[in-house]
Amino acid sequence: MINKKLTPSEERQRQRFIEKSSRVSAKYLRRLTELKGAPDTLKPFIDVLENIYVNMDGPHFNTKKPLIGTYCVMVPQELIYAAGGQPIKLCSGSYTAFSIGDDLVPRDACPLIKAVMGYQTMCVMPIYDDCSMMIVPITCDCKKKMAGMLKDLVNTYSFHIPTSKEDDTDLDQIVNELYELIPALESVTGQSITHKSLSESLDQVGFAQYQMTRFNEFKKNQPALIKGTHAMAVMNASSYMPINDFSEKLYLLNQELAKRKKSKVFVSQKKEPRLMVTGSPIIFPNIKIPLLIEEMGGSLVADETCMGERSLYDPAVVVDQSFDGMMRALANRYTRPCTCPTFVNNDQRIFRIKQMIKDHQVEGVIYHVLRGCLVYDFEYQMLEEELGKLNVPIIRVESDYNEEDIEQLRIRIEAFIELIKLKDLQKK
Amino acid sequence: MIQTDDKKFASYQTEYLDTLKKLMQESIASNELHYFYNVIYSYLKPEQMLNHKPEIIIMGTGIPEELIYAAGSKPFYILGGSQGAVNWSDDVVPRDTDPVSRSMLGFLLNESFNLAEKALIICPITCDSNRKMAWLLKSSGKNVVTVDIPPDKSDPLAGIKWTQEMKKLSKKISDHTKKRITKKSLMAATKQINKTRKLMAEFISLCEELGPTFKGSTRMAVLNAYYYSSDPRAYSMHLKNLNLELIEKIRTQTTQSYVKPSVLLMGSPVFLPNYKIPFLVEDIGMHIEATLDTTIQKIYSASKKEHQDIDIFTAVIFSQLRYDCSTAYSKNEMLYQSASWQIRKNKINGVIFHVLKGQIEYDFELERLEKLFGEASIPVFRLETDYQYQDVEQLRIRMEAFMEMLTQNQYRTNKAAV
């Protein structure tokens, strides 16, 4: 929390910031809940988002575990749990924090970094202020420089992500990076990572991944059993929930979706175009794109983003039960299937997207690029060529953390949906 | 075969010929300078580019070249710097890609040049553009080896990571050149390069002594020619002769009554042929006293004695890591220290912080540096541009205002002294 005494004007600015941030989040949460067809068991996830972003209460964990802030998807949650910590993802989608961060980092930096720096300096969000340590994987230029800036403010650990993942030596390197992370975690939590604790945390996260696999299977259903925006809310909420709690709630959600499937309760019609979103992360409250897709009559059936399916779709497979074997399994799981454009050779992402298009029967892809997110922009052209071969339409939408571009985005997304509908008609 | 008067090469040719012409017109009378201009001309002219079939290509300056010489080869540097080459890569990169990367890709993916036909391209991953450029080059069938840069120099294991990367790279270079890097060959290469670097350091110090008589842009071009030279020994020899000429000039130089405001040019690298910024600075009457980019501290590393007790491979690679002033790191203390050193030298009146559009890492460093220069009462002027020439007049107006401010400051200081 804030250490220095604020002047009356600073205090007023702070209050205005809190009110505005809370109001924007409440608005998006309302739009999210107003979307038809929300399962009853979605409520706990919505409550988490409300608690964090609207009430700004911080995570209500029934534990005194030290909070370890993480960014991106490369930090193994299992290691943090094994060290007795509670991971929490801090990548932010706040428009209000973005406007504060705009003055702190260069103009062309990506909005995600601006939002993080905004929250970090305003000291109003418990999820940031209560972190004992932040682990920043160096995945792009902005994260790299952000790590340098955060170091001046909080206990920050720069997590080096090798740029290549093809050879065995690359895997060895990430294993070494994980071993290097262990003492840093232990020094914060005061608890050692043992064979037993790591094995237990692998089981816990593994169970969550199993539930997530079930959830993803339900998402493939045609017509849809759950709205894509609701599914993204689940994924976003997972960032702020203890893993067992998340698994438990997701289990209940899966049960409800199973019942829906059995009794043929659907949230979309058969003729609704099935869309997929990929590219830069979509983080609450910046959910304008999924909301626009579904409000304009599309059905968001899949997402290939790091705040979506990418974070939990693949479990760690432990072949060798030794401690080193578990570490290797973690290194494998967090890099090999990862389709983050931080890796030089990311052909895998194209395969993954093609696979998802097939599995989810996707008819069109929306490629989301946050302004300044160059790595995703680079990959667009190749994906466009590949999807062209499959005759799957794709559009690139560039956006920022503000609401000024909503109407433009709406027109583009609406036109894209109409294009797909027209294509369907022509087929018939 | 493409013709040199082909439309495709028109803007490329115009740019480098104009730059060379201006350099030649405005530099002091010197026989030796022609050698360096010839080196630049030979490197850039399209007929020559068509014939170049380098064995090893280095993108940027972030790799210790000693390793390549030790493997019996010569590095061919691709540094960007050409607006003409930027135009060739427009279709393959996103809109916000920085001009240096665009230009590099233009050189390497230009089918007419086919520079990378037989080459091993070494691409240090210093930024996002390099990361994705390496992918584009690989996808188009080029032989690319990437080098990971440890992002945090203060990490106790950064040295180990860097050593591993350099060992991997050395092996790749040896496999490609089919010549083993031995202690002896590395020692010989280091000796030769250090000799050249010492001459470069001497050249910089002579230029400082000469002051505005020897233009900053000429100094930059001579130093840039090192990277475009195909014969490092000849480069050293001619630099030695140039230094002797400069010593003679210093001896005979009379004291100048008018002193131009001196600036430090730092930030995004300025490479030939795009000398838009140095020319503009000088056109309006300022003197580029010093430059601070990724190449400059490497020059001074040759005179340091700190690595004498370790093996030659470790000494070479650690020298690169330590003196690297690039923004490839989350926080680069070397860049900061180099800027402090420039302040201590007490010769600059202002700083021009050059940011090429899309090179966001430099912008992140600016705040800290602005504070540093602010404490020394040295004004900093941030200038954002790309390789195009359309914004020259706007930049000129802004820069003139900056110069007027520096002149006023100088006047006030002189008055106070009286």
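The values are calculated or read from the model by the stated rules, or taken from the named source; none is laboratory data. Treat the numbers as computed from the prediction; the structure is a model and nothing was measured. A quick note on method: Cβ atoms are made from the backbone with ideal geometry, for glycine too, and the neighbour counts reach across all protein chains shown. Only protein heavy atoms, including side chains, enter the accessible area calculation; ligands, DNA and RNA are left aside. Shrake-Rupley method; radii C 1.70, N 1.55, O 1.52, S 1.80 Å.
On the stretch given as region B:82-136, residues that are in a helix (DSSP H, G or I), at the interface with chain A (Cβ under 10 Å from one of its Cβ atoms) and not small (Gly, Ala, Ser) total 7.
Test B:LYS161 against the criterion of being closer than 19 Å to B:ALA315 by Cβ, buried (at least 16 other Cβ atoms within 10 Å of the Cβ) and not polar (S, T, N, Q), and give yes or no. So B:LYS161 fits the description; yes. Name the residue, out of B:ASP324, B:ASP311, that is in contact (Cβ under 8 Å) with a residue 24 or more places away in the chain, in contact with a Gly (Cβ under 8 Å, 6 or more places away or on another chain) and of a type in the set (D, E, K, R). Answer to the check: B:ASP324.
Filter the helices (runs of 4 or more DSSP H) completely within region A:72-172 down to those with at least 3 residues that are more than 14 Å from chain B (Cβ to nearest Cβ) and crowded, with 23+ Cβ neighbours inside 10 Å.
Details: elements: A:77-82, A:95-101, A:111-122, A:126-129, A:141-151.
Of the helices (runs of 4 or more DSSP H) lying wholly inside region A:72-172, those with at least 3 residues that are more than 14 Å from chain B (Cβ to nearest Cβ) and crowded, with 23+ Cβ neighbours inside 10 Å span A:77-82, A:95-101, A:111-122.
Is there a residue in region B:177-192 that is under 21 Å from the mean Cα position of the chain (by Cα), touching a residue at least 40 places away in the same chain (Cβ under 8 Å) and open to solvent by 40 Å² or more (accessible area, probe 1.4 Å)? Taking every residue of region B:177-192 in turn, none turns out to be under 21 Å from the mean Cα position of the chain (by Cα), touching a residue at least 40 places away in the same chain (Cβ under 8 Å) and open to solvent by 40 Å² or more (accessible area, probe 1.4 Å).
Right, A:SER199: small (Gly, Ala, Ser), within 29 Å of B:ILE125 (Cα to Cα) and in contact (Cβ under 8 Å) with a residue 40 or more places away in the chain or not? Spell out how you get there, then give the answer.
Working: small (Gly, Ala, Ser): yes; within 29 Å of B:ILE125 (Cα to Cα): no; in contact (Cβ under 8 Å) with a residue 40 or more places away in the chain: yes.
No, not satisfied.
For region A:20-33, the count of residues that are modelled with pLDDT of 95 or more, touching a Lys or Arg at 6+ places or on another chain (Cβ under 7 Å), closer than 26 Å to A:PRO87 by Cβ and not in a strand (DSSP E or B) is zero.
For a quick check of your reading: which helices (runs of 4 or more DSSP H) sit entirely within region A:288-392 and have at least 1 residues that are under 21 Å from A:VAL267 (Cβ atoms), of a type in the set (A, V, I, L, M) and more than 14 Å from every other protein chain (Cβ to nearest Cβ)?
Details: elements: A:288-295, A:323-335, A:347-359, A:374-390.
Hits in region A:288-392: A:288-295, A:347-359.
Checked against (1) more than 30 Å from B:ASN130 (Cα to Cα); (2) within 27 Å of the chain's Cα centre (by Cα); (3) open to solvent by 80 Å² or more (accessible area, probe 1.4 Å); (4) not aromatic (Phe, Trp, Tyr), A:ARG410 passes all but a single condition, namely (3).
Note on region B:335-371: residues that are in a loop (DSSP other than H, G, I, E, B) and surrounded by fewer than 16 Cβ atoms within 10 Å (Cβ to Cβ) total 3. The set of residues from region B:372-394 being closer than 21 Å to B:SER262 by Cβ and either open to solvent by 90 Å² or more (accessible area, probe 1.4 Å) or more than 22 Å from the chain's Cα centre (by Cα) (or both) comprises B:LEU372, B:PHE373, B:GLY374, B:GLU375, B:ALA376, B:SER377, B:ILE378, B:PRO379.
If only residues of region A:173-210 that are touching a strand residue (DSSP E or B) at 6+ places or on another chain (Cβ under 6 Å) and buried (at least 18 other Cβ atoms within 10 Å of the Cβ) are counted, the one that is farthest from the other protein chains (Cβ to nearest Cβ) is A:VAL188. The set of residues from region B:307-334 being within 13 Å of B:GLN297 (Cβ to Cβ) and outside any helix (DSSP H, G or I) comprises B:ASP324, B:CYS325, B:SER326, B:ASN332. A single entry from B:SER101, B:SER112 fulfils the requirement of being under 21 Å from the mean Cα position of the chain (by Cα) and under 25 Å from B:PHE9 (Cβ atoms): B:SER101.
Return yes when B:LYS168 is of a type in the set (D, E, K, R), within 10 Å of chain A (Cβ to nearest Cβ), over 22 Å from the mean Cα position of the chain (by Cα) and more than 29 Å from B:GLU47 (Cβ to Cβ) and no when it is not. Full working, then the answer.
Numbers: of a type in the set (D, E, K, R): yes; within 10 Å of chain A (Cβ to nearest Cβ): yes; over 22 Å from the mean Cα position of the chain (by Cα): yes; more than 29 Å from B:GLU47 (Cβ to Cβ): yes.
Considered against the rule, which asks whether it is of a type in the set (D, E, K, R), within 10 Å of chain A (Cβ to nearest Cβ), over 22 Å from the mean Cα position of the chain (by Cα) and more than 29 Å from B:GLU47 (Cβ to Cβ), B:LYS168 comes out as yes.
What pairs come out if I take residues in region B:358-382 that are more than 9 Å from every other protein chain (Cβ to nearest Cβ) and farther than 16 Å from B:SER338 by Cα and pair them with residues that are outside any helix (DSSP H, G or I) and of a type in the set (Val, Ile, Thr) whose C-beta lies under 6 Å away, six or more apart or interchain? Listed by first residue and then by second, the contacts come to B:PHE381/B:ILE352. Can you give me the number of residues within region B:43-76 that are surrounded by fewer than 16 Cβ atoms within 10 Å (Cβ to Cβ) and polar (S, T, N, Q)? Adding up the residues that qualify gives 2.
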